[in-house]
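The values are calculated or read from the model by the stated rules, or taken from the named source; none is laboratory data. As the structure is a prediction and not an experimental result, all values here were calculated from the model. With ideal geometry, Cβ positions are generated from the backbone for all residues, glycine too; neighbour counts draw on all protein chains shown. Ligands, DNA and RNA are excluded from the accessible area calculation, which covers all protein heavy atoms including side chains. Shrake-Rupley method; radii C 1.70, N 1.55, O 1.52, S 1.80 Å.
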Amino acid sequence: MSGPLSFVARVFNPCVSRVCLGAAALMSCVVPQVIANDLKLWYAQPAVKWEEALPVGSGRLGAMVFGGTAAERIQFNEDTLWTGHPRDYVRPGAGEVLEEIRRLINEGTEESLKKSEDLFRERMMSDPRRQKAYQPFGDLRLTFPGHDDVADYRRELDLDTAIAKTTYSVNGTGYEREVFASYPDNAIIVNIASPANGKVNFSLKMDSPHKTSKTEGEGDNTLVLTGQVHDPIDDTMGLRFQSRVKVITSGGDVTRSGDTLTVANANSATLLLVAATSFVNWQDISGDPAAKAQAHLAKVESKPYQALRTDHIADHQKLFRRVTIDLGTSEAAKLPTNERINIVRRQSVPTTRPTTQTTSLDADPQLAALYFQYGRYMLIGASRPGTQPANLQGVWNELMNPPWESKFTTNINFQMNYWPAELTNISETHEPMFDIIDDLRVSGARTAKAMYASRGWVLHHNTDLWRGTAPINNIDGMWVVGGAWLCHHMWERYQFTGDKAFLEQRAYPAMKEASEFFLDFLTKDEKTGYLVTNPSHSPEQTPPGRLLFSPAAAMDMQLIRALFDYTIEAATLLGKDEEFVQQLTAAHKQLYPDQVGQHGQLQEWWQDWDAPNNAHRHMSPLWGLYPGTQFTPEADPKIYEAAKVLLKWRGDGSTGWSFGWRIPLWARVGDAEFAYRQLWMQLGRRTLPNLFDLCGPYQADGNYGATGGIAEMLLQSHVRVDPKQQYYRIDLLPALPVSAWPNGTIKGLRARGGFEVSMTWEDGKLKQAAVTSLLGNPVNVRYGDKVVELKSTEKGKTYTLNGDLAIQ
């Protein structure tokens, strides 16, 4: 092969095919001979729908790349563009009816429960009843004359470089397009090139779905989009926004006519896209988006494309390359990614567990590895220090009215987003969650005082850009332990990193204040004498034959018990608040305990109302099994066995995130086959062609949850050998699905107590493990029934173990 086409084929290895990409149809593509990189999603045709486009993100900016030829769309977002404005969601007078609602719930009749719920809706619901929505920002629209009929087409997303690439040829001339979102340079970069000089010709427009927006030109090579968010719910104007795109060419000319830029006869062209809003913080939207956008553009416009690209890749790989995984490969790995997903989708669900029936995913183990790394890629792309946290859709959204407003749902979804953060060695991505906790301590303190006359801070089941903490939507918003769950993530950060400064300066104040709220909010049940939550419920379902409200749901009490444990231990470690520790210790002893029901199951509610084989999507009563660490055979065999009964009742998942939660739950009980089955079903039933997860619509949490779950199948470290110090047990390959992944390697996972772990296994058995001590703590390492005790380790030293756990 020679000439311009050989350049494209040599570099990008496209499939040898011809596609007609006009309005009429897309012709079929043949399979390529090889896949050069296991970390690539790739396709033989452009995306037709948003859900098929490929995501790039820098935490603050996100874009979806369609890969069109004659017409290309790049839809982009910025993480602070939301409807609404700074506000307090607490309804005036909400706290005045609390005691009456409690009395009605305690009365326990259907009539009294109905009155309690009606009174809650009328007097305690947030004002307004729904929080605000994450918004799309705009679109770049490129038109390439004469590029309807192309050959050698391929579009791909390289997870290792975080670059989306489109390559094809027209009449023997090769073209390539690269798109990435740069965290260090705070911009989305698009580069269009051809090895044939003077062949790059296109026009560019920029628009937005916001009706208030307009696009104007500036000079010969820049477009400026401005607007202001209109909130249709209350007919108010909120955040102002601006994006700017500048085109820089090598050779050729750039001209402007109105709101359109035209590039003619260039060798290459680089588009520099920046975006900003008037958001200063959750209480201030007085910023100047034009000044911000101009400053962002000034930073990058003098920087050569290769320098932008090099800096972006280096920044991304610093995080992404910390973990590598190899589960084996097969011929299926040579197929386009959408075809691989379709094969899984067409395969019927195994009637027996995957160990006894080969499934399509067994024949494509690399797809599971790709999916694992995709979750890490998405978290790096949606959550970086200094940005907003990853919301329900990460940082990718095209809808003015996205499902569930694309908020931060704190009864599972927001927290699930961050399950990979510590375990898969991208701890920095956790920072935006800790930043929002700092804000919620302020807004949540207002809600705690106004609604419950309590100290500390409270968070119900959702929050948004404006840090709303009051209960929203309906009576299912009456759930007060969202803040306790967020504190779990702060404690996890300390368990993995041993960062005592973080513990003292950020985690402990948040945990203490959250604990203060519960000391004031918890009420004594007259019949049992225990402290209970009231009003509350078990997310996201109603007890059979009853109304929603019930005191002391299992998830509530598990979260509060864990919070008190963390806070007591942190205070003791820091030598703080001895009297407060005594108060917490006394209250801890009075918390309503987990109960075992008549069928041997862990009770979801404080009464034995569970319906056998209830396969509800939400796993709330099993929080103590995962992501909590309370239910282990060592801690309480009876409760652990009861949790297994309830887990069996729940069966398979339904929504994407419910599969994602079941994976680590089954891994925690050592059932590798059923954990693997959940992954298999998630990929086959709830995964889009671009590997985005589906709840019903797209929702990012399932991606993140599955990544955390796969890691949990291969490594666990939640059992403490000595509760009085950072002394954990590391379990190697605790839920390895041997028939699916008989051979493999994973490197760079993190374990509690401050360890980095790598493993290789062959024929389903551990071959070698390397455990690096990052803090010098003691550790036990277990594989199967073998345990090695390292009661003292040297900071920075790696301990290499063979399959029998003998130190080599």
Quiz item: Under the definition of Cα pairs under 8 Å and six or more residues apart, what whole-number percent is the relative contact order of the range 665-808?
Solution: 16 percent
Practice problem: Would you list which lysines come within 21 Å of Lys407, measuring only between C-alpha atoms, while excluding same-chain residues fewer than 8 positions from it? | Solution: Lys132
Quiz item: Say the dipole of the chain comes from +1 at the beta carbon of Lys and Arg and -1 at that of Asp and Glu; which of Ile746, Asn267, Ala293 then lies farthest toward its positive end?
Solution: Asn267
Exercise. Match the structure shown to one of the listed values [x] 50.0; [y] 33.7; [z] 35.4 of mean projected area of the Cα convex hull in nm², computed from it, and give that label.
Key: [y]
Self-check item: Over the chain: helical MRE at 222 nm, DSSP H runs n ≥ 4 each giving -39500 (n - 2.57), nearest 500
Solution: -9500 deg cm²/dmol
Quiz item: Hey, got the Cα dimensions of the range 273-355 along the principal axes, in Å, largest first?
Solution: 60, 36, 24
Exercise. Hey, can you find the accessible area per residue of the range 653-808 for me, probe 1.4 Å, expressed in square angstrom?
Key: 31 Å²
Practice problem: Would you mind pulling out the separation of the Cα centroids of the range 134-184 and the range 576-652, in Å? | Solution: 50 Å
Self-check item: For the range 730-787, the Rg and Dmax computed from alpha carbons only, in angstrom
Solution: 11.7, 36
Quiz prompt | Exceeding the 19 Å Cα-Cα cut-off - candidates Lys512/Lys576; Lys644/Lys767; Lys576/Lys724 | solution = Lys644/Lys767
Practice problem: Using packing as a proxy for protection, rank 332-343, 695-706, 125-136 so that the peptide with the highest average count of other Cβ atoms within 10 Å comes first. | Solution: 695-706, 125-136, 332-343
Practice problem: Straight distance only, please: which aspartates and glutamates reach the Cα of Lys49 with their own Cα at less than 17 Å, same-chain residues fewer than 8 apart left out? | Solution: Glu72, Asp139, Glu156, Glu339, Glu398, Asp693
Quiz item: Nearest 20 debye, what's the magnitude of the dipole of the chain about its Cα centre given +1 on Lys and Arg Cβ and -1 on Asp and Glu Cβ?
Solution: 1000 debye
Self-check item: Ranked by how many other beta carbons lie within 10 Å on average, peptides 402-408, 659-665, 43-49 from highest
Solution: 659-665, 402-408, 43-49
Practice problem: Using only the Cα atoms of the range 145-262, build the gyration tensor, take square roots of its eigenvalues as a ≥ b ≥ c, and label the shape rounded, prolate or oblate: rounded if a/c is under 1.5, else prolate if a/b is larger than b/c, else oblate. | Solution: prolate
Quiz item: Helix 656-668 sits at what angle to the longest principal axis of the chain, using alpha carbons and giving 0 to 90 degrees rounded to 10?
Solution: 60 degrees
Quiz item: Over the chain, what relative contact order in percent results from Cα pairs under 8 Å that are six or more residues apart?
Solution: 12 percent
Quiz item: What is the pair-distance distribution P(r) of the range 703-808, computed from all Cα-Cα distances in 5 Å bins starting at 0, with each bin given as a whole percent?
Solution: 3, 13, 25, 26, 19, 10, 4, 1
Quiz item: Angle between the Cα long axis of helix 554-574 and the longest principal axis of the chain, 0 to 90 degrees, nearest 10?
Solution: 90 degrees
Quiz prompt | Helix 365-382 axis, angle to the chain major axis (alpha carbon atoms, nearest 10°) | solution = 90 degrees
Quiz prompt | Lys, Arg +1 and Asp, Glu -1 on Cβ, resulting dipole of the range 141-281 about Cα centre, debye, nearest 20 | solution = 200 debye
Practice problem: Could you pull out every residue, at least 5 positions away or on a different chain, whose amide H is within less than 5 Å of the one on Tyr727? Hs are placed 1.01 Å off N in the peptide plane, and Pro or chain starts have none. | Solution: Val721, Asp722
Practice problem: Would you mind checking the pairs Lys246/Lys303; Lys318/Lys797; Lys40/Lys747; Lys40/Lys246 and listing those with alpha carbons more than 23 angstrom apart? | Solution: Lys40/Lys246
Quiz item: Normalised by the number of residues in the range 595-706, what is the relative contact order in percent for Cα pairs under 8 Å and 6+ residues apart?
Solution: 23 percent
Practice problem: Starting from the Cα gyration tensor of the range 229-322, take the square roots of the eigenvalues, sort them a ≥ b ≥ c, and report rounded, prolate or oblate (rounded when a/c is under 1.5, otherwise prolate if a/b is larger than b/c, else oblate). | Solution: oblate
Practice problem: Report, by chain and number, residues whose modeled amide H sits under 5 Å from the one on Val65, excluding near sequence neighbours (fewer than 5 apart, same chain). | Solution: Leu54, Val56
Practice problem: Roll a 1.4 angstrom probe over the protein heavy atoms and tell me the percent of accessible area of the chain that is carbon or sulfur. | Solution: 48 percent
Practice problem: Would you work out if the range 57-136 is rounded, prolate or oblate? Take a ≥ b ≥ c from the square roots of the eigenvalues of the alpha-carbon gyration tensor; rounded if a/c is under 1.5, else prolate when a/b is larger than b/c, oblate otherwise. | Solution: prolate
Quiz prompt | Given charges at beta-carbon only (K, R positive; D, E negative), |dipole| of the range 580-639 in Debye | solution = 120 debye
Quiz item: Among 489-497, 555-563, 623-631, 586-594, how do they line up from the highest to the lowest mean number of other beta-carbon atoms within 10 Å?
Solution: 555-563, 623-631, 489-497, 586-594
Practice problem: Would you pull out the residues with amide H under 5 Å of Tyr799's amide H, same chain only if 5 or more places away, H placed 1.01 Å from N? | Solution: Val771, Thr772, Ser773
Quiz item: How large is the convex hull of the Cα atoms of the range 505-637 per residue, expressed in Å³ as a whole number?
Solution: 126 Å³
Exercise. Count the DSSP beta bridges whose two residues both fall in the chain, then state the antiparallel fraction as a percent rounded to the nearest 5.
Key: 95 percent
